[in-house]
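The values are calculated or read from the model by the stated rules, or taken from the named source; none is laboratory data. Only a predicted model underlies this, so the values are computations on that prediction, with no experimental measurement involved. Here the Cβ positions follow ideal geometry from the backbone for every residue, glycine too, while neighbour counts run over all protein chains shown. The protein model used for the area step is the full one, side chains on, heavy atoms only, and it has no ligands, DNA or RNA in it. Shrake-Rupley method; radii C 1.70, N 1.55, O 1.52, S 1.80 Å.
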Amino acid sequence: MSGNEIEISGLGKVFGQGASAFRALSDINLTIGTGEFFTLLGPSGCGKTTLLRTIAGFEAPSSGSLRINGEEVAAKGPNARPVNTVFQNYALFPHMSVAQNIGFGLKMLGKPKSEIDATVAEMLRLVRMEAMKDRKPSEISGGQQQRVALARALAPRPRVLLLDEPLSALDLKLRKEMQSELKRLQSETGITFVFVTHDQEEALTMSDRIAVMSAGRILQLGTPHEIYHAPADRFVADFIGDTNFLTVPVAASDGQAATVTLPGGTQAAARLPEGMIPVTGQEVTAVVRPEQATLMPAGQGEMQATVGTSTFFGTDTHIHLTLSDGQGFILRRQNATDMASPEPGQTVGIGLGAGTLRILKD
Ligand SMILES: Nc1ncnc2c1ncn2[C@@H]1O[C@H](COP(=O)(O)OP(=O)(O)OP(=O)(O)O)[C@@H](O)[C@H]1O
Ligand SMILES: [Mg+2]
């Protein structure tokens, strides 16, 4: 990675005017490095496509600045930007064959036929569509169309590739394959990828960094590790992975760390978010990931609980528990062949290793 490919500051987008005005993006600030795999992640309607279309030049921002490769482009059209897009509704040219679709951008750039043919062949191989190169879009499946759209956008080797949920029409196996193909391709070409998904697992496995969005804002910007292990707030903690939220009183706090009183009375250290200084007695929300808690015999561990239902997922089992004060808690235990699930109604202990409890900002 070297230098900044995309710099966005104070960017906002309002659709419509007057009473029907709708603010789709608010105060977006982010820098994407050259060669970075950057993901916009968030629920439906949070503004991912709007932000991507603004970077591409299909929407003009209502405020703020947008620089690509050091150049202010907010007033420039899509064709004047070193960017290519794979849209959420990847409309292929219906009258052209698969191969012609893929070669279209190169033809527009006036590339020689030999170069176009070689690139198209490489792209067909990449997306595993060699056998269907002469078919029309109406003669291939939705997932195959999505792969052709991807190949068409990659063929001219843009500096930046914007991808709006490009794998959503693929089945799970092909999706996994295309995820690693995309990663390989991205690291081989050095093209900066801005990838949109609402699938948190896809974001965690593929990205160098993720921006978690909600209601037109970026709530957290960080590596997959940071987003998962140090969520900035309740929304991020809830959206990324499964989380237990515990309402607990603060027993002591020195501004760096806090001790909380867990259900049942045991005191435990909990990490504090930056800038939060709770007072003794204040109720806070502490989070624990289900895989960070361990099942123990009754009487051991930091908390006691009654077993509810257990759900078997193959590699692991999710055990639903009720803590001594009535709060729910889910524990995820990795399975071994000889492991029996605990009996409903049984009392068990919950062990929390050092550093697993984290207090959330209100
Ligand atoms: N042209 C438009 N005019 C008015 N509102 C719009 C327009 N385009 C998008 N919006 C609104 O802006 C918000 C963000 O839309 P956007 O398409 O960016 O969401 P998204 O995060 O991509 O969602 P999804 O995951 O469903 O694709 C939505 O509430 C949407 O209704
Ligand atoms: Mg969208």
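Can you work out the Karplus-derived ³J(HN,Hα) for every residue in the stretch 44-58? Use 6.51 cos²θ - 1.76 cosθ + 1.60 with θ = phi - 60°, whole Hz, and x for glycine or proline.
4, x, 7, x, 4, 5, 4, 5, 5, 5, 6, 5, 6, x, 8
With a cut-off of 8 Å between alpha carbons and a minimum separation of six or more residues, what is the relative contact order of the chain in percent?
Relative CO of the chain lands at 15 percent.
Could you do me a favour and compute the accessible area per residue for the chain, 1.4 Å probe, result in Å²?
Here the per-residue accessible area is 47 Å².
Percent of accessible area on the stretch 61-187 owned by carbon and sulfur, 1.4 Å probe?
52 percent
Exactly which GluC sites (Glu not before Pro) in the stretch 266-362 are in a DSSP loop and have at most 13 other Cβ atoms within 10 Å?
Here the GluC sites (Glu not before Pro) that fit, given the DSSP loop and packing criteria, are E274.
What do you get for trypsin sites (Lys or Arg not before Pro) in the stretch 284-362 restricted to DSSP loop and a cutoff of at most 16 other Cβ within 10 Å of the site's Cβ?
K361
If you roll a 1.4 angstrom probe over the protein chains with everything in place, what fraction of the accessible area of the stretch 242-359 belongs to carbon and sulfur, to the nearest %?
Ligands and nucleic acids excluded, carbon and sulfur give 51 percent.
At what distance in angstrom do the alpha carbon centres of the stretch 287-326 and the stretch 80-136 lie from each other?
One Cα centre to the other: 52 Å.
Tally Lys and Arg at +1 and Asp and Glu at -1 over the other residues with C-beta under 15 Å from the C-beta of R135: what net charge comes out?
Result for the local shell: +2.
If we sort 185-192, 106-113 on the protection proxy, mean other Cβ atoms within 10 Å, highest first, what's the order?
Most protected by this proxy first, the peptides run 185-192, 106-113.
What is the distance, in nm, between label points placed 7 Å from the Cα along the Cα-to-Cβ direction at S63 and at A215?
Once both label points are built, they end up 1.7 nm from each other.
In a GNM of the chain with a 10 Å cut-off on Cα contacts, which of E165, E202, E72 has the highest mean-square fluctuation?
E72
I want to check the label-to-label distance for M276 and T31. Put each point 7 Å from Cα in the C-beta direction and report it in nm to one decimal.
2.8 nm
Can you bin the stretch 138-186 into rounded, prolate or oblate? Criterion: square roots of the alpha carbon gyration tensor eigenvalues sorted a ≥ b ≥ c, rounded for a/c under 1.5, prolate for a/b above b/c, oblate for the rest.
Oblate is the answer for the stretch 138-186, as a/c is 1.5 or above yet b/c matches or exceeds a/b.
Want the number for H225 to H95: 0.36 nm per residue separation, take away the alpha-carbon distance, what's left?
42.3 nm
Of the options G353, A340, L182, report the single residue whose Cα projects farthest towards the positive end of the charge dipole of the chain (beta-carbon charges: Lys, Arg +1; Asp, Glu -1).
Checking the options against the dipole of the chain, the answer is L182.
Rank A286, A211, A251 by mean-square fluctuation in a GNM of the chain with C-alpha springs under 10 angstrom and give only the top-ranked residue.
A251
Using helices alone, what [θ] at 222 nm do you get for the chain, with -39,500 (n - 2.57) per DSSP H run of 4 or more residues, divided over all residues and rounded to the nearest 500?
Computed mean residue ellipticity for the chain: -7000 deg cm²/dmol.
DSSP loop chymotrypsin sites (Phe, Trp or Tyr not before Pro) in the stretch 286-362 with at most 12 other Cβ atoms within 10 Å of their Cβ, which ones?
F313
Could you work out which residue, out of R125, R175, R147, moves most in a Gaussian network model of the chain, that is, has the largest mean-square fluctuation with Cα springs under 10 Å?
R125
Quick check: the distance between the Cα centres of the stretch 237-270 and the stretch 1-49, to the nearest angstrom?
So the two Cα centres are separated by 33 Å.
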